[in-house]
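Asks: Before I ask anything, let me first share the structure, which is written out below as structure tokens.
No lab work stands behind these numbers, since they all come straight from the coordinates. This one's a predicted model, so the numbers in the text were calculated from it and none came from an experiment. Heads up, the Cβs are rebuilt from the backbone with ideal geometry, glycines too, and the neighbour counts pull from every protein chain shown.
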Amino acid sequence: MVLLLIFFAVIITLLLWKWLGISSFDELKTIFGLLTSRNGQHVLSNLFQVDEKSKRHGGELVASVLKAHDVEEIFVLCGGHISPILVAAEKLGIKIVDTRHEVTAVFAADAVARLRQSIGVAAVTAGPGLTNTITAVKNAQMAESPLLLIGGAAPTLLKGRGALQDIDQMVLFRPLCKYVARVERLRDIVPTLRQAIKAAKSGCPGPVFVEFPVDVLYPIDLVVKEIGFNPNAKGFIQKALNAYLRCHVSRQFGGAWIPQDISPLATNIPLPKSEQVQEIVKLVKSAKRPVLLIGSQASLPPVKPAELIKAVEALGCPVFLGGMARGLLGKDHPLQMRQVRRDALKEADLTILAGTVCDFRLSYGRTLSKKSKIVALNRNYSQLTKNERAFWDSDVSVQADVATTLVQVGSFLAAGYSKPVEWVNDLRQRDNEKEAANAKKMEQKLNNGFLNPLNFLRTLDQSLPDDAILVADGGDFVGSAAYIVRPRGPLQWLDPGAFGTLGVGGGFALGAKTVYPDRPVYIIWGDGSCGYSLMEYDTFARHKLPVIGIVGNDACWTQIAREQVPMFQSSVAVNLDRTRYDNVAKSMGSWGSTIEESNVDSTREILDEALAVCRSGKQSALVNVFIGKTDFREGSISV
């Protein structure tokens with residue numbers, strides 16, 4: 001008899017556990033503590049009963065958490081599934097920036113995450129709204145951007161029953177995100193979002209995804225109205241169904257408004273061990289020809305760019321910058337080299353990969369000298385060791401924050417360290433010689449009646465103000481720009497990263513302009529890539545966030561044509577028209593102009609006018625540049 005009672009007690013406990021949705025013993029202890037406190041009866045009432053006349057809704061809880069985490073804007077494309085979040089966020093002073101495509105919303109949130117060194121947030125509706133973001137989420141994953149994607153979903157009771165836009169969204173985003181969660185009770189909204197944001201920013205940053213069924217976001221009176229109660233229930237089955245639905249709603253909304261901590265959780269950032277730092281210091285001191293390659297990961301918090309610059313100068317070795325690290329040392333720093341990386345790596349006796357990965361950009365590690373000592377720094381173990389032992393071998397591998405490691409190394413080099421001045425001067429001379437050779441190519445007049453793209457890019461570089469933020473979105477034209485157009489400072493260059501994604505331009509520019517509304521934001525576009533997000537000129541106009549688009553228009557997907565045409569003697573699918581993209585921008589209220597051979601002498605004046613228009617805050621600008629083709633970067637391939 002005793003065993004039978006124990007058995008039924010366990011069953012009842014498990015059923016209550018399931019019904020209450022308790023997810024851990026800690027939560028059970030918390031609830032027990034509340035129930036035994038002075039206001040226990042009140043808490044019990046909140047857990048088991050709900051006010052069906054309440055107009056409060058889950059969107060308010062979502063917005064309150066975002067506000068507490070210093071989120072200043074959410075990039076969205078509207079949808080009925082997420083309306084309560086947008087309305088509640090706006091009431092709390094969070095700016096809602098709606099775009100013309102969901103992928104743009106995520107690209108914009110990615111840019112905010114990079115420039116603010118914090119979390120970026122995008123919210124989209126269910127089904128196709130979410131699937132439209134997949135490219136941007138994968139790009140954020142590979143670029144290591146801390147990004148929160150909020151997605152709507154079909155009502156909890158209609159999951160898998162053929163509701164509008166009901167698909168298995170979780171299975172799509174698990175491979176792309178560090179953390180995914182589906183919220184089915186209002187009292188889970190706060191802890192789930194806090195944990196998601198912590199995961200996005202901890203360790204090696206990346207995107208996270210939280211799914212909200214529509215009945216978790218809307219007010220209870222509407223949920224009750226739509227849930228399917230039968231007011232004239234007769235018979236056991238109908239009454240039982242009504243009872244089940246009542247229990248379901250009570251579980252969803254029970255405890256929704258019990259006060260919870262909404263403050264940010266502490267993030268976990270991997271730090272180097274002292275013995276690892278000392279090992280690197282020893283290698284640096286003994287090196288005669290050290291080389292430092294800095295990648296995007298060095299731009300992550302907690303280290304500020306100014307601290308990192310001091311560390312780089314303490315090392316005093318030649319530096320090559322990539323990704324978000326471009327611009328770290330300004331326009332003309334004596335340690336930064338641009339044109340002689342292959343030579344430097346071949347001759348180096350110490351190579352420090354500071355967030356730089358041995359993928360296709362370093363020929364999978366084959367460009368590293370076998371005679372060089374190699375130090376690898378990265379938060380991500382997979383990136384830290386990519387292609388190791390196949391094409392290269394590290395002498396010191398440190399899975400830790402890149403900038404923190406460099407700062408600690410720099411601090412230990414202060415005493416008794418002789419900087420490799422001769423090696424720097426030698427590479428500087430060779431770098432200058434290649435710059436001079438490129439300058440000669442800029443002066444060449446093309447015989448096809450179109451502008452020399454190198455000459456135009458030099459003029460663009462000369463016209464840029466010091467506070468300009470540059471967004472790179474394209475193939476051949478942007479590849480050339482990377483050699484010629486120089487960011488003026490740290491966090492002033494945005495490119496897609498290792499995924500090589502086209503179409504980031506409109507979203508990255510929107511995010512950058514949202515963070516820095518008083519600074520000029522330039523999109524350097526190929527004519528192929530501009531087609532992905534040109535429609536966002538409407539978004540720039542509606543939100544009064546003017547940007548400057550520069551389109552290198554050679555009527556071709558030239559990066560592909562470079563290899564396809566000579567290899568297969570065919571130009572199938574690579575040719576475009578010399579479309580007047582400036583007229584497209586004008587049709588959406590922007591200023592536009594085309595630069596061609598007939599007005600090439602006015603190039604600087606046109607660029608200055610585009611900047612003045614944008615500075616005025618009244619209009620965006622688009623400069624459509626009819627360029628020809630050169631042999632610059634000949635041999636560059638796209639696979």
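Asks: Taking a temperature of 25 °C and a viscosity of 0.890 mPa s, what whole-number D in µm²/s does Stokes-Einstein yield for segment 335-400 with Rh from Kirkwood over alpha carbon pairs? Present the calculation step by step, with values, prior to reporting the outcome.
Replies: Values: Rh = 11.9 Å.
Rounded to a whole number, D works out at 206 µm²/s.
Asks: If I histogram all Cα-Cα distances within segment 444-626 using bins 10 Å wide from 0, what percent of pairs lands in each bin?
Replies: 10, 40, 37, 11, 2
Asks: Still on this structure: At 0.36 nm per residue, and after removing the present C-alpha to C-alpha distance, how many nm does the segment from N448 to T579 gain when stretched out fully? List each step's numbers first, then the result.
Replies: Values: separation 131, 0.36 × 131 = 47.16 nm, distance 1.75 nm.
Full-extension gain reported as 45.4 nm.
Asks: While we're here: Collect residues whose amide H, placed 1.01 Å from N in the peptide plane, falls under 5 Å from the amide H of K618; neighbours closer than 5 in sequence don't count.
Replies: Here nothing satisfies the definition.
Asks: What is the dipole size for the chain, taken about its Cα centre, with +1 at each Lys and Arg Cβ and -1 at each Asp and Glu Cβ, in debye to the nearest 20? If you can, show how the numbers build up before the last one.
Replies: Numbers: 72 positive and 63 negative charges, 278 e Å.
Magnitude of the dipole: close to 1340 debye.
Asks: Taking Cα pairs under 8 Å and at least six residues apart, what relative contact order does the chain come out at, in percent? Walk me through the intermediate numbers first.
Replies: Working: 1257 pairs, mean separation 75.4, N = 639.
The value is 12 percent.
Asks: Can you give the FRET efficiency to the nearest 0.05 for K288 and Y381, using r as the Cβ-Cβ distance and R₀ = 45 Å? Mind showing how you got there, number by number?
Replies: Details: r = 31 Å, r/R0 = 0.68.
Result of the calculation: an efficiency of 0.90.
Asks: So, R0 is 56 Å and r is the distance between the beta-carbons of E347 and R161; what FRET efficiency does that work out to, to 0.05?
Replies: 0.25
Asks: Moving to a separate point now. Sticking with the crude label model, points 7 Å out along Cα→Cβ, report the distance from K440 to K370 in nm, one decimal please.
Replies: So the label points at K440 and K370 sit 3.5 nm apart.
Asks: Through the Karplus equation 6.51 cos²θ - 1.76 cosθ + 1.60, θ set to phi - 60°, convert the phi angles of segment 210-215 into ³J(HN,Hα) values in whole Hz; use x for Gly and Pro.
Replies: For segment 210-215, the Karplus-derived couplings read 10, 9, 10, x, 4, 7 Hz, x marking Gly and Pro.
Asks: May I pose another question? Per DSSP H run of at least 4 residues, take -39500 (n - 2.57); add these up for the chain, divide by its residues and hand me the 222 nm value, nearest 500 deg cm²/dmol. Numbers along the way, then the final one.
Replies: Details: 27 runs with 276 residues, N = 639.
Helix contribution divided over all residues of the chain: -13000 deg cm²/dmol.
Asks: Multiply the residue gap between S363 and S587 by 0.36 nm, knock off their C-alpha separation, and tell me the result in nm, one decimal place. It would help to have the intermediate numbers written out before the result.
Replies: On the way: separation 224, 0.36 × 224 = 80.64 nm, distance 4.41 nm.
That works out to 76.2 nm of additional length.
Asks: Taking the Cα centre of segment 444-626 as the origin, how large is its charge dipole in debye, to the nearest 20, when only Lys and Arg (+1) and Asp and Glu (-1) carry charge on their Cβ atoms?
Replies: Numbers: 15 positive and 20 negative charges, 65 e Å.
Using Cβ point charges on Lys, Arg, Asp and Glu, segment 444-626 gives about 320 debye.
Asks: Placing +1 on the Cβ of each Lys and Arg and -1 on the Cβ of each Asp and Glu in the chain, which of A354, G589, L464 has its Cα farthest towards the positive end of the resulting dipole?
Replies: Looking along the dipole axis, the top candidate is A354.
Asks: Counting each pair of different Cα atoms once, what's the Kirkwood radius of segment 170-257 in Å, rounded to one decimal? Mind dumping the intermediate values first?
Replies: Numbers: mean 1/r = 0.0663 Å⁻¹.
The answer is 15.1 Å.
Asks: What's the ranking of 402-415, 221-234, 110-123, 251-264 by average number of surrounding C-beta atoms within 10 Å, highest first?
Replies: Final packing ranking: 110-123, 402-415, 251-264, 221-234.
Asks: For the pair S418 and R633, what calculated FRET efficiency results from E = 1/(1 + (r/R0)^6), where r is the Cβ-Cβ distance and R0 = 25 Å, to the nearest 0.05? Spell out each step's value before the answer.
Replies: Values: r = 37 Å, r/R0 = 1.50.
The pair R633/S418 has a calculated efficiency of 0.10.
Asks: Moving on to the next point. Hull surface divided by four, with the convex hull built on the Cα atoms of segment 522-625: how many nm²? Write out the running numbers ahead of the final one.
Replies: Working: hull surface 27.7 nm².
Over all viewing directions, segment 522-625 projects a mean Cα-hull area of 6.9 nm².
Asks: List the relative contact order of segment 58-253 as a percent without decimals, with contacts defined as Cα pairs under 8 Å and 6+ residues apart. Provide the component values of the computation, followed by the final result.
Replies: Details: 364 pairs, mean separation 40.9, N = 196.
Dividing the mean separation by the residue count of segment 58-253 yields 21 percent.
Asks: Please tell me the relative contact order of segment 274-427 in percent, rounded to the nearest whole number, where contacts are Cα pairs under 8 Å and at least six residues apart. Before the final figure, lay out the partial values.
Replies: Numbers: 282 pairs, mean separation 49.2, N = 154.
Value for segment 274-427: 32 percent.
Asks: Starting from the exponent 0.38 and prefactor 2.2 Å, build the expected Rg for segment 374-486 from its residue count and divide its actual Cα Rg by it. Could you put the intermediate results ahead of the total?
Replies: Details: Rg = 20.2 Å, N = 113, 2.2 N^0.38 = 13.3 Å.
Dividing the Cα Rg of segment 374-486 by 2.2 N^0.38 Å gives 1.52.
Asks: By how many nm would the segment from E307 to R246 grow when fully extended, if each residue of separation counts as 0.36 nm and the alpha-carbon distance is taken off?
Replies: Details: separation 61, 0.36 × 61 = 21.96 nm, distance 5.83 nm.
Using 0.36 nm per residue and subtracting the Cα-Cα distance, I get 16.1 nm.
Asks: Here's a follow-up. How large is Rg/Rh for segment 65-128, to two decimals, with Cα atoms and a Kirkwood Rh? Each step should come with its number before you reach the end.
Replies: Values: Rg = 11.1 Å, Rh = 11.8 Å.
Ratio value, two decimals: 0.95.
Asks: Debye calculation, C-alpha points only, no solvent: report log10 I(q)/I(0) for segment 207-297 at q = 0.11, 0.17, 0.18, 0.26 Å⁻¹, in the same order as the q values.
Replies: After summing over all Cα pairs, the log10 values are -0.62, -0.95, -1.01, -1.34.
Asks: Could you run the Karplus curve 6.51 cos²θ - 1.76 cosθ + 1.60 with θ = phi - 60° over segment 80-97 and give me ³J(HN,Hα) per residue in whole Hz, x for Gly and Pro?
Replies: With coefficients 6.51, -1.76 and 1.60, one gets x, 5, 10, 3, x, 5, 5, 5, 5, 5, 4, 5, 8, x, 7, 6, 9, 10 Hz.
Asks: Beyond a 28 Å Cα-Cα separation, which of these cross-linked pairs lie in this structure: K304/K513; K159/K201; K201/K273; K198/K304; K159/K239? Intermediate values should be presented prior to the final figure.
Replies: Working: K304/K513 21 Å; K159/K201 31 Å; K201/K273 21 Å; K198/K304 20 Å; K159/K239 23 Å.
Too far apart for the 28 Å limit: K159/K201.
Asks: Still on this model: Considering just Cα atoms, how many Å³ per residue does the convex hull of the chain enclose? Write out the running numbers ahead of the final one.
Replies: On the way: hull volume 131.5 nm³, N = 639.
In the chain, the Cα hull volume divided by residue count equals 206 Å³.
Asks: What's the Cα-based Rg to Rh of segment 568-614, Rh via Kirkwood? Intermediate values should be presented prior to the final figure.
Replies: Values: Rg = 14.8 Å, Rh = 12.9 Å.
Rg/Rh for segment 568-614 comes to 1.15.
Asks: Label-point separation (nm) for S602 and F236, each offset 7 Å from Cα along Cα-to-Cβ?
Replies: It is 8.8 nm.
Asks: I've got another one for you. Sticking to Cα atoms, compute the Rg of segment 274-427 to one decimal and its Dmax as the biggest Cα-Cα distance, whole number, in Å.
Replies: 13.8, 38
Asks: Then there is this: Could you give the nm distance between label points at K331 and E388, where each point is 7 Å from its Cα heading toward the beta carbon?
Replies: 4.0 nm
Asks: For K310, go through the lysines and keep the ones whose alpha-carbon is under 20 Å away, minus same-chain ones fewer than eight residues off.
Replies: K282, K285, K331, K419
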